[in-house]
1. What ranking do 127-135, 195-203 get when scored by the average of other Cβ atoms within 10 Å per residue, highest first?
2. Quick one: which of 8-14, 147-153 comes out on top by average Cβ neighbours within 10 Å, and what's the full order, highest first?
3. Using a 1.4 Å probe on the protein chains only, how many percent of the accessible area of the chain belongs to carbon and sulfur?
4. Starting from the Cα-Cα distance between residue 12 and residue 93, subtract it from 0.36 nm times their residue separation and give me the gain in nm to one decimal.
5. Once you have a ≥ b ≥ c as the square roots of the Cα gyration tensor eigenvalues for the stretch 173-220, tell me rounded if a/c is under 1.5, and otherwise prolate or oblate according to whether a/b is larger than b/c.
6. Remind me, relative contact order of the stretch 151-229 in percent, using alpha carbon pairs under 8 angstrom and six or more residues apart?
7. Hey, what's the chain come to in accessible area per residue, 1.4 Å probe, Å²?
8. Nearest 500 deg cm²/dmol is fine: what mean residue ellipticity at 222 nm does the chain get from its DSSP H runs of n ≥ 4 alone, each adding -39,500 (n - 2.57), divided by its residue count?
Amino acid sequence: MIRFEDVSVTYEGAAEPAVRGVGLDIPEGELCLVVGPSGVGKSTLLGAVSGLVPHFTGGLLRGRVTVAGRDTRTHRPRELADVVGTVGQDPLSHFVTDTVEDELAYGMESLGVPPETMRRRVEETLDLLGLTELRDRPTASLSGGQQQRVAIGSVLTVHPRVLVLDEPTSALDPGAAEEVLAVLQRLVHDLGTTVLMAEHRLERVVQYADQVVLMAAPGVPPVTGTPAEMMAV
Ligand code: ADP
Ligand code: ADP
């Protein structure tokens with residue numbers, strides 16, 4: 001579903017590539033975890049999937065990244081929006097409307113989904129993420145874990161086949177992080193969504209992963225393996 005072929009990304013003015021020599025194959029319905037310390041290139045790697053790299057952040061991308069067969073360099077992020085949903089680190093900066101329900105509908109509106117389908121998908125997603133009771137609440141009044149679930153829901157209503165998440169639990173306490181990870185696990189198992197997720201700590205999330213991409217140092221090609229192999233490193 002996601003394929004990297006010898007990918008490197010170099011930002012303008014940088015002496016060294018931010019990521020180098022990435023080869024990766026993520027099958028449909030798997031959860032792939034990208035782990036490494038801050039500044040090592042995790043967001044850059046994720047951005048090459050959602051198209052933020054190179055279209056919105058700049059950077060020279062060598063090699064090839066395809067998502068569901070679409071080359072992310074020749075397709076604008078807008079042309080990938082029906083396939084790839086992206087959730088950044090800070091849900092509040094992601095929100096464009098006031099309430100939970102409006103937030104879940106927004107992405108579909110901009111893609112022209114018919115109103116009846118929109119209503120049904122909002123209900124399904126509220127239910128899936130345990131947000132039904134909170135539907136009329138202002139997003140700003142929610143806890144961190146609830147906000148993160150709304151941010152995930154706002155891209156899920158589009159029914160993306162791929163979900164890209166940049167450190168979705170980093171700002172959360174352990175209980176809220178568990179809430180979010182449980183939702184992701186359900187998506188992978190029940191809906192066959194392919195998930196690519198960055199985290200700076202391996203321990204918390206490794207049990208949920210099918211594949212782990214370890215980025216140890218800036219510009220060093222990542223090492224890929226199963227969670228068991230990576231725990232042994
Ligand atoms: P991580 O997500 O692991 O913290 P990033 O991918 O954000 O790492 O950053 C990797 C390197 O690329 C860092 O040195 C960072 O400063 C640099 N970088 C990230 N985004 C940009 C950008 N838009 N322009 C220039 N340099 C960038
Ligand atoms: P519609 O376009 O009529 O909403 P779909 O064919 O897109 O229906 O989806 C059919 C069913 O698949 C829905 O009931 C929904 O629960 C489920 N589904 C598939 N993928 C997703 C997803 N990524 N997020 C949420 N639900 C999904």
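The values are calculated or read from the model by the stated rules, or taken from the named source; none is laboratory data. Since we're looking at a predicted model, the values are computed, not measured. Positions of Cβ are backbone-derived with ideal geometry, glycine not excepted, and every protein chain shown enters the neighbour counts. The protein model used for the area step is the full one, side chains on, heavy atoms only, and it has no ligands, DNA or RNA in it. Shrake-Rupley method; radii C 1.70, N 1.55, O 1.52, S 1.80 Å.
1. Top of the packing list down: 195-203, 127-135.
2. Going by the mean number of other Cβ atoms within 10 Å, highest first, we get 147-153, 8-14.
3. 50
4. Taking 0.36 nm per residue and subtracting the Cα distance, the gain is 26.6 nm.
5. oblate
6. Averaging sequence separation for qualifying contacts and normalising by length gives 26 percent for the stretch 151-229.
7. Normalised by residue count, the accessible surface of the chain is 45 Å².
8. Values: 10 runs with 83 residues, N = 233.
The per-residue figure over the chain is -9500 deg cm²/dmol.
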